[in-house]
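One structure is given here, and the rest of the page talks about it.
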Amino acid sequence: MSDAPLVIAIDGPAGAGKSTVARALASRLGFFLLDTGAIYRALALTAARAGIAFSDAEPLGRLAETLPIRFDEAGQVYLGDEDVSVAIRTPEMSQGASTVSAHPPVRQALLGLQRKLAARGRCVVEGRDIGTVVLPWAPLKIFLTASPEVRARRRFDELSAKGQTVDLAKTLEEMRVRDERDSSRATAPLKQADDAVLLDSSELGEATVVDRMEALARSRFGADLP
Ligand code: DC
């Protein structure tokens, strides 16, 4: 047993099912869920509203330093008093978040915020670089992936279920563009930490993935869990 706070880092590409399983895992363990992608999405939304281009690294970095973001216990995302949980989930904000997140000043500005939010412990932190850069000390790291086709189909189903008009081929193409950008950026690219457990969810149902994660958490944290 280490003295590090009870934190589970879950990283992986878009559409691997991270958000859903991370939420389910957090709820089974009674942990808080920190969705770090929502922070980049909220920054993209703020930039779009302020007329700042997603390519404009320095102003975006300054905006990130004072981003008035907070999460409630239910995981809703707020900018100031406004609940932006739905507004940040559009395909435009997916691409926007991926673009703004590639800028080093943005990542630097958001590092401290993510660490502060995770310091409370008993949380599942979901993102791209949590195990490698943000919380390299996390006692349990999981890298969750799935094939691009499976991930595109899941994202398509998710957006369709929300009533958004989507095209499967376009979703797959957007997924590839986002994977390429997230994995090839110079600062904190998407990559599996050396000591992360790899889980491929292409052939696994959500419940099975959560079962495996819970088993990993119980074997790692044992008596500290309810
Ligand atoms: O997980 P998501 O789809 O909500 O993330 C949106 C974008 O934010 C993603 O394309 C890359 C970026 N991101 C990141 O760079 N680092 C993180 N820890 C989380 C998300």
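General observations
- To the nearest 10, the accessible area of Arg128 is 50 Å² with a 1.4 Å probe.
- From helices alone, the chain scores -15500 deg cm²/dmol at 222 nm; the rule is -39500 (n - 2.57) for each run of n ≥ 4 DSSP H residues, then divide by the residue total.
- Over 23 Å (Cα to Cα) - which of Lys116/Lys162; Lys141/Lys162; Lys18/Lys191 fall in this group: Lys116/Lys162; Lys141/Lys162
- In this Cβ point-charge picture (+1 for Lys and Arg, -1 for Asp and Glu), the chain has a dipole of about 180 debye about its Cα centre.
- Anisotropy class of region 164-219 from Cα gyration tensor, a/c 1.5 cut: oblate
- Size of charge dipole - region 20-122 - debye, nearest 20, with Cβ of Lys, Arg +1 and Asp, Glu -1, no other charges: 460
- Counted charge near Ala50, where neighbours are those whose Cβ lies closer than 13 Å (Asp, Glu -1; Lys, Arg +1): +1
- By the equivalent-ellipsoid construction on the alpha carbon gyration tensor, region 93-226 comes out with semi-axes of 26, 22, 14 Å, ordered largest to smallest.
- Viscosity 0.692 mPa s, 37 °C: Kirkwood-radius Stokes-Einstein D of region 1-109 over Cα pairs, µm²/s: 221
- Debye log10 I(q)/I(0) at q = 0.16 Å⁻¹ for the chain, Cα point scatterers: -1.15
- Rolling a 1.4 Å probe over the protein chains gives Lys141 an accessible area of about 10 Å².
- Region 1-141: antiparallel DSSP beta bridges as a percent of all, rounded to 5: 30
- Placing unit charges on the Cβ atoms only, positive for Lys and Arg and negative for Asp and Glu, gives region 79-200 a dipole magnitude near 320 debye about its Cα centre.
- Pair Ala4, Gln95: separation of 7 Å Cα→Cβ label points (nm): 3.7
- Environment charge of Arg185, counting only residues whose C-beta is closer than 13 Å and scoring Lys/Arg +1, Asp/Glu -1: +1
- Probe 1.4 Å, protein heavy atoms only - accessible area per residue of the chain in square angstrom: 46
- Whole-percent carbon and sulfur share, accessible surface of region 179-226, 1.4 Å: 49
- The residues neighbouring Gly163, those whose beta-carbon lies less than 14 Å from its own, together hold a net charge of 0 under the Lys/Arg +1, Asp/Glu -1 convention.
- Only protein atoms count toward the accessible area here, which uses a 1.4 Å probe; on region 1-159, the carbon and sulfur part of that area reaches 54 percent.
The values are calculated or read from the model by the stated rules, or taken from the named source; none is laboratory data. Here the structure is a predicted model, which means the values were calculated and not measured. Counting neighbours? That spans all protein chains shown, and the Cβs are built from the backbone with ideal geometry, glycine included. All accessible areas refer to the heavy atoms of the entire protein, side chains included, with ligands and DNA or RNA removed. Shrake-Rupley method; radii C 1.70, N 1.55, O 1.52, S 1.80 Å.
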